[in-house]
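The values are calculated or read from the model by the stated rules, or taken from the named source; none is laboratory data. Worth saying up front: this structure is predicted, and the values here are computed from it rather than measured. Don't worry about glycine lacking a Cβ; one is built from the backbone with ideal geometry, like all the others, and counts go over all protein chains shown.
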Amino acid sequence: MFSIVPRYFLGFLPLAAGAELITVFGIVNKASGIYGLLSIFTGHPINAAQWVLNIISIILLPFFLYALLSVRRQNPLPVVAYSYVYLLDMLANIAFTIFFSVTWFRGFDKVVASGDDDANAAKLDTASERGVSISVIVLVLLFRLYSCFVLFGYARMLVRKSGLRFDNGQGKSAMLQYVLLGLTPSFWRRGGRRAGKGRMVTTLEESGF
Amino acid sequence: MLSRLKYKLLPAPAEQLPTTNVNSSTNMSAASIVKPPIYRIETSFNILQTIGALRAHKLSAYDLQYVVLFFIGLFSVLVADSPPVAVKIILTFLLFLGLLIPITSQILLPALPVLGWLILFTSATYIPAEWRPPIMVSVLPTLETVFYGANLSALLSSRINSVLDVLAWLPYGVMHYGGPVVCAGLVFIFGSPGTLPCFARSFGYMNLTGVLIQLMFPNAPPWYEVKNGFSPADYSMSGSPGGLARIDQLFGTDLYSSAFGASPVVFGAFPSLHSGFSVLECMFLSHVFPRLSPLFLFYVFWIWWSTMYLTHHYFIDLIGGAVLATTVFLIAKWNFLPSSQSGKSSRWQYEYIELTDINTAAVRSLASTRQKRRDSNVRDSSSQYQSQQQDYDYDYDDQDIPEFPDEEIDDDPLTPLAGGGLTTLAGAHRYSSTERFENPNAAAAAGSGTRFDEHDLGFNDANAADYFATQAKYQREDLYRADFDDTFDDEDKFEDDLGASFDASNDKKKANSDKQPLFKKGHSKRDSEGSSYF
């Protein structure tokens, strides 16, 4: 059956491989927060949105490192938590990207125009450069969206493999498991939404035949 | 060389008959198979040996890499003006001669991607401008600001002093160039055999891909923006040392100004190979020295800072380089890279090589805890069986995944006996303990590739003789000259008639081990699942 949640990363790699790759990419991206906050020392001014983005990145960096370990060790619950965090982070990132691109492209032509005072000098082909930039941005955002699907698919596979349900948690993680899997139980359940709809019948008499 | 080393772990080739060595003084039966150690280095100068290996070589999809490398080399040699034609011909001849002599080919063959990268990089300056795509000046700063909120390179280079200059120069101008050599040495000595060729190939292909991207998607580095603003760039412009000019001033030299001024790829900001080098080294070194990984990570962060401080790269370039290096490393790790074994600190301690299986969860435990677990499982290895049986195929259907391992395994009366060291490695559980005891020949065949414990396997003089007799019979009848690849093509089939085909395939593997191709599709899967290394 066709499903929007992929079973293979890019169509041919196991989801475990895709999840590991995506997590490493995430870690590398989150490192930007450290360099952004170094502006405290260099005295370069940054605005409020940049502060928020950098702080979010720094907070998420250790979490992503932990997530990498969990992904490699195939621990279901941390991976489920990680895929939810990744989803929220992606949504926040899309919002930031839209905000920053609007502000950037508003000032872009002015910046280019102020660059060359000489009227005879060759002008930069801003239209084509802007086209390239925008298509790269869109491609990256689409890849992030796809990564999110891959992570959820991987998490779901681990949950089903280890037989976890929202109501069978044990010990310390029982509450976490209830919250994480109880939000959309039919997504995590083996067999999906169709599971449990039929009546289990073992004998002919029972079936009313 | 990698695969040549790898297949040393398989049973001895057909020409080398295993010899029994009965130690009469201790009155203990000890059978050892004479085979070259896997850490052996080729010392032969005999060209005929390479030609023989080539004739026995079966073509596979992996051989396409040499076709690609050949065309890249041909393009570079033809496009470059600088060395005279005679010199080009002599160098090419020397390369092919080096590839034929075994002692040099073991180095040159894995180094071919690196050589391809170096040739392409140095001859890139001769590529005519009209063949090249237009240079992007504003794309990278745009992407950086859009994704990270600010131009991190401008942010970090806005305050300059000479202490920071030196701090940035150390990794960027010195350690970066020595890094691959130091990493190669460390990996060769302390890693498992086969790690260095894997590193060499990964390094070469990473750089080759990086330079190809730089040539097809040329971008101006930050120093260009600092110098010229957003004015259009063209290929006649020469490179700039960026912040390294201050180092030249400080030391009174002209090293970096002249080197970067004559750079063959001036507008190759994306992806950053400084980042790629450091990330790849970090990953390989962390693979060999897992405990030191924070140190290697620190080096990556340091060199990232220095590239931005010296206005050589935008942050997005560093991300590009890191993504490239990560992808290359993970592909290498899942397919070719031998894993490090706990408790072994140098290449000379390795008796066999394991490859990483993507589908198996990584287990990080120290040698001592692993040993403890092994000991405790001698009595109750069924739990261990359970944990290993969780290794399902990923291509499952929602309806038919078994939730728990098969019941029969728990009921197996011989399981506790066969516990201990035998079932601990991935792949070993493919052999049920019953088979192992009832069919000592098969067990010995499975175990003889590496080290086997004759007591665990029920291996004694009687069935050792039996085993060697079977082997001799196989050789006489030339039974295992048949191609065994088809056995493994269908994974389900492989799972189903494991008992039947596995023994035979092991014997066939033995026969084929002397003429294995350099790369063969799917061998990692087969090795990690198919053969037992204990």
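Per-structure values
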item	result
The listed residue being basic (K, R) and surrounded by 19 or more Cβ atoms within 10 Å (Cβ to Cβ), out of A:K110, A:K30	A:K30
Scan of region A:168-178 for residues that are of a type in the set (A, V, I, L, M) and surrounded by 14 or more Cβ atoms within 10 Å (Cβ to Cβ), ordered by number	A:L176
Criterion (of a type in the set (A, V, I, L, M, F, W, C) and facing chain B (nearest Cβ under 8 Å)) met by exactly one of A:V24, A:V71	A:V24
Residue match in region B:143-158 (condition: closer than 30 Å to B:L54 by Cβ, within 34 Å of the chain's Cα centre (by Cα) and either assigned by TED's automatic domain parsing to the domain that holds B:A200 or assigned to a helix (DSSP H, G or I) (or both))	no
Failed item in (1) over 19 Å from B:G320 (Cβ atoms); (2) under 16 Å from the mean Cα position of the chain (by Cα), with A:T23 passing the rest	(1)
Helices (runs of 4 or more DSSP H) within region A:85-188 that include 2 or more residues of a type in the set (S, T, N, Q) and within 11 Å of chain B (Cβ to nearest Cβ)	A:126-161
Some residue of region B:198-209 being in the same structural domain as B:T327 (by TED's automatic domain parsing) and under 30 Å from A:T42 (Cβ atoms)	no
Members of region B:300-334 found to be of a type in the set (S, T, Y) and without any contact (Cβ under 8 Å) to a residue 12 or more places away in the chain, listed by number	B:T327
Output for region B:48-86, where each listed residue is under 18 Å from B:L100 (Cα atoms) and touching a Ser or Thr at 6+ places or on another chain (Cβ under 7 Å)	B:T50
Test: residue in region B:157-165 that is charged (D, E, K, R) and surrounded by fewer than 18 Cβ atoms within 10 Å (Cβ to Cβ)	yes
Count of residues meeting criterion [assigned to a loop (DSSP other than H, G, I, E, B) and closer than 21 Å to A:W104 by Cα] in region A:2-42	0
Those residues of region B:224-254 which are free of Cβ contacts under 8 Å to residues at least 24 places away in the same chain, within 16 Å of B:G173 (Cα to Cα) and either among the aliphatic types (A, V, I, L, M) or surrounded by 15 or more Cβ atoms within 10 Å (Cβ to Cβ) (or both), in sequence order	B:S240, B:P241, B:A245, B:D248
Answer from B:G229, B:G179 - the residue that is in the same structural domain as B:W304 (by TED's automatic domain parsing) and over 30 Å from the mean Cα position of the chain (by Cα)	B:G229
Failed item in (1) polar (S, T, N, Q); (2) touching a residue at least 40 places away in the same chain (Cβ under 8 Å); (3) within 14 Å of chain A (Cβ to nearest Cβ), with B:T145 passing the rest	(2)
Some residue of region B:171-192 being at the interface with chain A (Cβ under 10 Å from one of its Cβ atoms) and surrounded by fewer than 23 Cβ atoms within 10 Å (Cβ to Cβ)	no
Top-ranked residue of region A:1-20 - restricted to ones that are more than 14 Å from A:R73 (Cα to Cα) and of a type in the set (A, V, I, L, M, F, W, C), ranked as surrounded by the most Cβ atoms within 10 Å (Cβ to Cβ)	A:F9
B:L78 being part of a helix (DSSP H, G or I) and surrounded by 12 or more Cβ atoms within 10 Å (Cβ to Cβ)	no
Count - residues of region B:243-273 that are part of a loop (DSSP other than H, G, I, E, B) and within 22 Å of B:I213 (Cα to Cα)	10
Test: residue in region B:340-352 that is within 14 Å of chain A (Cβ to nearest Cβ), surrounded by 20 or more Cβ atoms within 10 Å (Cβ to Cβ) and out of contact with any Asp or Glu (no Cβ under 8 Å at 6 or more places or on another chain)	no
Matching residues in region B:122-142 - criterion: being facing another protein chain (nearest Cβ under 7 Å) and either in contact (Cβ under 8 Å) with a residue 40 or more places away in the chain or surrounded by fewer than 19 Cβ atoms within 10 Å (Cβ to Cβ) (or both)	B:M136, B:V137, B:S138, B:V139
